[in-house]
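Quick one: structure below, then a few questions.
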Amino acid sequence: MQLKNGQWGMTLLKIVGLCGEFPVRLVREMGGYYDYRRRIIIELVHEGYLKERRMKGYQRKIVRSLSLTEKGRLQIRRVDPGTEGLIRRHVFSPEDGQGDWKKTLRLHRSAACFIAALRLGAVWRPGREKESAPDDQLVYYGAYEFHHLHGSDSKGSRVSGVFLQRDAYFPVCWLGTHNMFWNQEVEQNFCAQLRSSPICGHRTYGGHILLGEDWSLAENLVLHGINPRTRLIRLRDESRFYYTTLDQSGLALLRLVLDPYALYHFQKTLYTHGVCAPSPCPDYLFDLGSIAEFYELPNLRRFSIRPAEGHFFDFQSKAIERINNMGVKIVSIPSSWLWTNQED
């Protein structure tokens, strides 16, 4: 099997090496044809470049995880010594992250956020380009990288990285259907480190990015978020939580959250088509604090101002239909408009 720069097999070796551990199920979120990429994985494992482990996760479900072997690292060294140096020095992931389920889970969450950064075209490699990136360039720092540069490791934090864009920074997390506990003090401590670090500079807090496997997770987040006794994320006024997914539609939506100029042009498109007027935080960005206004607990009246109507993309429709129990009119926005806007 030939492994050269530009080939997907070599790209996968580098990603697995940088992340320390990589969940096989995340391959579906990397774009392209899954069956072809799964065959490449089988070949890489068979020829000894990758090692595949099977662990019992939540509810005793089997989780398949990839890690880089010494043979794989040496192959990377032959074709890309710079990346091999980052892997060997453990710039993005700890040296002892493999073998323990909780540590592996943390690496899997980091891998999901790293894939989002790669697919968005963010600058992630350490060096002059990253340090001097212009304001209109998206930059990504992994949490492990950031802690070694500017802060202490908050192992209880769910934040796996941070996006820097223009005048704002966005902590990013990966959430699954299990293990969504949220330690408010730990998260506030990490955000305090971000605010005081050189990488944030003049930037202000733009909101947390919550990445999930599918849109159905948003319902649980909203229902628990307005519960004052929840152990999950509390939807507070001082924080914003934007929920999206790792598929093409979710990443296109994430671009609107991160780039105010892209959002401005898209809102002009919607206004031209007579859909809705521009807004500082439109419904379709899926800020969970705003989405919670569409839901009312059966035994708790919050006396909030109910929206007259809400505007959401077609790929968000099932999630908001399950959340909306107040009869608010839902206006669907074709996702094709989102793609057209970003292609322009």
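Just the residues that are in contact (Cβ under 8 Å) with a residue 40 or more places away in the chain and in a strand (DSSP E or B), please, taken from the stretch 237-275.
Of everything in the stretch 237-275, those that are in contact (Cβ under 8 Å) with a residue 40 or more places away in the chain and in a strand (DSSP E or B) turn out to be 241, 242, 243, 244.
Conditions: (1) buried (at least 16 other Cβ atoms within 10 Å of the Cβ); (2) over 23 Å from the mean Cα position of the chain (by Cα); (3) among the aromatic types (Phe, Trp, Tyr). Residue 22 meets all but one. Number of the miss?
Every listed condition holds for residue 22 apart from (2).
Same structure again: Quick one: would you say residue 42 is in contact with a helix residue (DSSP H, G or I) (Cβ under 9 Å, 6 or more places away or on another chain) and either at pLDDT 95 or above or among the aliphatic types (A, V, I, L, M) (or both)?
Judged against the criteria, residue 42 is not a match.
Of all residues in the stretch 119-159 being of a type in the set (Gly, Ala, Ser) and within 23 Å of residue 82 (Cα to Cα), which is surrounded by the most Cβ atoms within 10 Å (Cβ to Cβ)? Steps first, please.
In the first step, residues of the stretch 119-159 are kept if they are of a type in the set (Gly, Ala, Ser); the result is 121-122, 127, 132-133, 142-143, 151-152, 154, 156-157.
When the remaining residues are screened for being within 23 Å of residue 82 (Cα to Cα), the result is 121-122, 127, 132-133, 142-143.
Working: 121: 11, 122: 21, 127: 9, 132: 9, 133: 15, 142: 23, 143: 27.
So the residue we want is 143.
Name every residue in the stretch 173-188 that is surrounded by 16 or more Cβ atoms within 10 Å (Cβ to Cβ) and within 21 Å of residue 206 (Cα to Cα), in order of residue number.
Matches in the stretch 173-188: 173, 174, 175, 182, 187.
Show the residue pairs that are 6+ apart or on different chains and have beta-carbon atoms under 7 Å apart, the first residue being within the stretch 1-26 and without any contact (Cβ under 8 Å) to a residue 12 or more places away in the chain and farther than 18 Å from residue 63 by Cα, the second being surrounded by fewer than 23 Cβ atoms within 10 Å (Cβ to Cβ) and among the hydrophobic types (A, V, I, L, M, F, W, C).
none
Specify the residue that is nearest to residue 257 (Cα to Cα); the eligible residues are those in the stretch 221-242 that are out of contact with any helix residue (DSSP H, G or I) (no Cβ under 7 Å at 6 or more places or on another chain) and buried (at least 16 other Cβ atoms within 10 Å of the Cβ).
Only one residue tops the list, namely 239.
Select the helices (runs of 4 or more DSSP H) contained entirely in the stretch 28-133, then report the ones holding at least 1 residues which are under 24 Å from residue 213 (Cβ atoms).
34-46, 101-119
Under 6 Å between Cβ atoms, which residue pairs at least 6 apart in sequence (or on different chains) link something in the stretch 146-159 that is under 8 Å from residue 187 (Cα atoms) and at pLDDT 85 or above with a partner that is surrounded by 13 or more Cβ atoms within 10 Å (Cβ to Cβ) and among the aromatic types (Phe, Trp, Tyr)?
What qualifies is 157/190; 159/190.
Based on this model, can you work out whether residue 170 counts as crowded, with 17+ Cβ neighbours inside 10 Å, more than 27 Å from residue 316 (Cβ to Cβ) and within 17 Å of the chain's Cα centre (by Cα)?
Spelling it out, it is not the case that residue 170 is crowded, with 17+ Cβ neighbours inside 10 Å, more than 27 Å from residue 316 (Cβ to Cβ) and within 17 Å of the chain's Cα centre (by Cα).
Just for the stretch 92-136: of the residues that are touching a Leu at 6+ places or on another chain (Cβ under 8 Å) and β-branched (Val, Ile, Thr), which one is farthest from residue 174 (Cα to Cα)?
Filtering first and then ranking leaves 123.
Another one. Can you tell me which of 109, 88 is basic (Lys, Arg) and more than 18 Å from residue 251 (Cα to Cα)?
Going through 109, 88 in turn, just one is basic (Lys, Arg) and more than 18 Å from residue 251 (Cα to Cα): 88.
Do you know which residues across the stretch 65-84 are farther than 19 Å from residue 2 by Cα and surrounded by 14 or more Cβ atoms within 10 Å (Cβ to Cβ)?
65, 66, 67
The values are calculated or read from the model by the stated rules, or taken from the named source; none is laboratory data. Predicted model, so just to flag it, every value in this text is computed and none were measured. When we count neighbours, we look across all protein chains shown, and the Cβ atoms used for this are built from the backbone with ideal geometry, even at glycine.
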